[in-house]
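All remarks here apply to the structure that follows.
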Amino acid sequence: MIFIEDGAKAHRATTSHAEYATQGVKRMYYPASLLNLNPIKHIWKLPKDRVYVRKPRTSAKLRQYITEKWGKITVEDIQRFTNTMHRRCRAVIDAKGGPTKY
């Protein structure tokens, strides 16, 4: 597993580093300005797209749908995005920091 880090204060906490290290998690750094590389952006989009299809009419329904859909995100869904990080980073390097298909 890779812990993606952009240098945010919360990521630099000594306790976070120690805890992740004991679990065998590797750290990968990237500039904060490259948020399009962050897989969480795409993971958050999964329930959003699934909820949008249902067209909730009230805030209560919206909350219900989001809770349902968030609970249905699988490990495979997450791995689909995190497993492509090296490819994404290579694309940014090849584009010299310019736009990529990601």
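The values are calculated or read from the model by the stated rules, or taken from the named source; none is laboratory data. These numbers were taken from a predicted model, which means no experiment stands behind them. No Cβ is skipped: glycine too gets one built from the backbone with ideal geometry, and neighbour counts run over all protein chains shown.
Remarks
- Of all the residues in the stretch 53-71, those that are touching a residue at least 12 places away in the same chain (Cβ under 8 Å) and charged (D, E, K, R) number 1.
- Some residue of the stretch 29-40 being surrounded by 14 or more Cβ atoms within 10 Å (Cβ to Cβ), in a helix (DSSP H, G or I) and modelled with pLDDT under 85: yes
- The residues of the stretch 40-83 that are of a type in the set (A, V, I, L, M) and over 22 Å from Val25 (Cβ atoms), listed by number, are Leu46, Val51, Val53, Ala60, Leu62, Ile66.
- Selection from the stretch 46-90 of residues that are touching a Lys or Arg at 6+ places or on another chain (Cβ under 7 Å) and not basic (Lys, Arg): Pro47, Val51, Tyr65
- In the set (1) under 12 Å from the mean Cα position of the chain (by Cα); (2) part of a helix (DSSP H, G or I); (3) at pLDDT below 65, Ile4 fails one condition alone, (2).
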